[in-house]
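Let me begin by presenting the structure, written as structure tokens, before commenting on it.
The values are calculated or read from the model by the stated rules, or taken from the named source; none is laboratory data. The structure presented is a predicted model; accordingly, all values stated were derived computationally and were not measured. Note that each Cβ is placed from the backbone with ideal geometry, even for glycine, and that neighbours are counted across all protein chains shown. In case anyone asks, the SASA skips ligands and DNA or RNA and just uses the protein heavy atoms, side chains included. Shrake-Rupley method; radii C 1.70, N 1.55, O 1.52, S 1.80 Å.
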Amino acid sequence: MKLNLILIIFISVIASAIQLSAQSDIVLDTSKNILLLKERSFGAIFHSQGWGITYSSGKHKTAFKKRVLVIEMVEMKSDKQIRIINPYFTNAKSFVYGKLNSVFVFRGSYGNHKQLNRKPYWGGVELRFLYMAGISLGVAKPVYLHILNHTSSDIYITTIEKFDPDDHSIDDIFGRASFTKGFNEIGLYPGLHFKVGLDFDYASYSTKVKSLEIGAMVDLFPRPIPIMAFNEPHYYFLTFYLSFSFGKRFN
């Protein structure tokens, strides 16, 4: 449901942008505008399989084209995972049954922002089309759980164990263990990614960056990343995203 909603929003915005671009004339009045060549910004990303943070550094090559370097860190969830609680214990912690790894993807992207319409002198929204590519690094941390063990005296004790679908059933699990458990077993999965999108700059002042970015991205991995025990590991992630960024422009 969430993926479908983001897809509908993405298609609607793309259609509106094409219409806006067709109706707009790109004019640079150097007598009234000073082109600030550099910019830096930080932001948050919300995508169809999680969320993350981003840092961006850009430099104008022309009045209408900007080269951008982006560094991102996002979590990557499976669309099959559901958080549950063991109903037999009132103080049990929630957990995702079948989840093998918590997965995060670090990205380094480089690409271009192409201006489609210039912001009017009284303010408004400036629209850019973007296309970027770069390196992805998937990081998979094993999931550890509190496992219930029945003793001979009819008492349950808990132990912290890495989830094993062959040994642990839903009734055996008391809850999730600390997130820090398993950092010494992290797996690394290098790959590539590509993205396209639209960037809406709505800042009131030319020295400020306030933008909303919407687009689609695909991460590709030659070695698949396992998330859920009862599903195939992921050779790729196709996501739709929204990103909000704030920063400054300068020379």
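Below 9 angstrom from the Cβ of ARG40, what's the summed charge of the other residues (Lys, Arg +1; Asp, Glu -1)? Within the 9 Å Cβ shell, the charges total +2. Centre-to-centre, using Cα atoms only, segment 35-50 and segment 90-113 are separated by 20 Å.
The overall shape of segment 78-186, judged from the alpha-carbon gyration tensor, is prolate: a/c is not under 1.5, and a/b is greater than b/c. Just check segment 123-191 against the gyration tensor rule for me: Cα atoms, a ≥ b ≥ c as the square roots of the eigenvalues, rounded for a/c under 1.5, and otherwise prolate or oblate depending on whether a/b exceeds b/c. In terms of gyration-tensor shape, prolate. Under a 5 Å amide H cut-off, with hydrogens placed 1.01 Å from N, ALA229 pairs with LYS99, LEU100 among residues at least 5 apart or on other chains.
Need one number: the % of Cα-Cα pairs in the chain sitting beyond the 27 Å mark.
On the way: 15078 of 31375 pairs.
Everything past 27 Å amounts to 48 percent.
Computed in the context of the full set of protein chains, the accessible area of the chain at 1.4 Å probe radius has 62% of its extent on carbon or sulfur.
With a probe of 1.4 Å, find how much accessible area segment 25-175 has per residue, and write the answer as a whole number in Å².
Details: 8360 Å² over 151 residues.
Per residue, segment 25-175 has an accessible area of 55 Å².
Segment 120-148 and segment 189-228 have Cα centres lying 5 Å from one another.
When the listed pairs LYS93/LYS195; LYS114/LYS208; LYS38/LYS119; LYS61/LYS210; LYS80/LYS210; LYS80/LYS114 are checked against a 29 Å cut-off, the alpha-carbon distance exceeds it for LYS93/LYS195; LYS80/LYS210; LYS80/LYS114. Sorting the segments 81-91, 171-181 by their mean number of nearby beta carbons within 10 angstrom, highest to lowest, gives 171-181, 81-91. Assign one of three labels to segment 155-220, namely rounded, prolate or oblate, based on the Cα gyration tensor with a ≥ b ≥ c the square roots of its eigenvalues; rounded applies when a/c is under 1.5, prolate when it is not and a/b is larger than b/c, and oblate otherwise. Prolate is the answer for segment 155-220, as a/c is 1.5 or above and a/b outweighs b/c.
For the chain, with only Lys/Arg (+1) and Asp/Glu (-1) charged at the beta-carbon, what is the dipole magnitude about the Cα centre, in debye rounded to 20? Intermediate values should be presented prior to the final figure.
Details: 29 positive and 20 negative charges, 323 e Å.
So the magnitude is around 1560 debye.
Based on the Cβ-Cβ distance of ARG40 and PHE89, what FRET efficiency does E = 1/(1 + (r/R0)^6) give at R0 = 35 Å, to the nearest 0.05? Computed FRET efficiency for ARG40 and PHE89: 0.10. Solvent-accessible surface of protein heavy atoms, probed at 1.4 angstrom with all chains present, puts ARG118, ARG40, ARG67, ARG128 in the order ARG40, ARG67, ARG118, ARG128, largest first.
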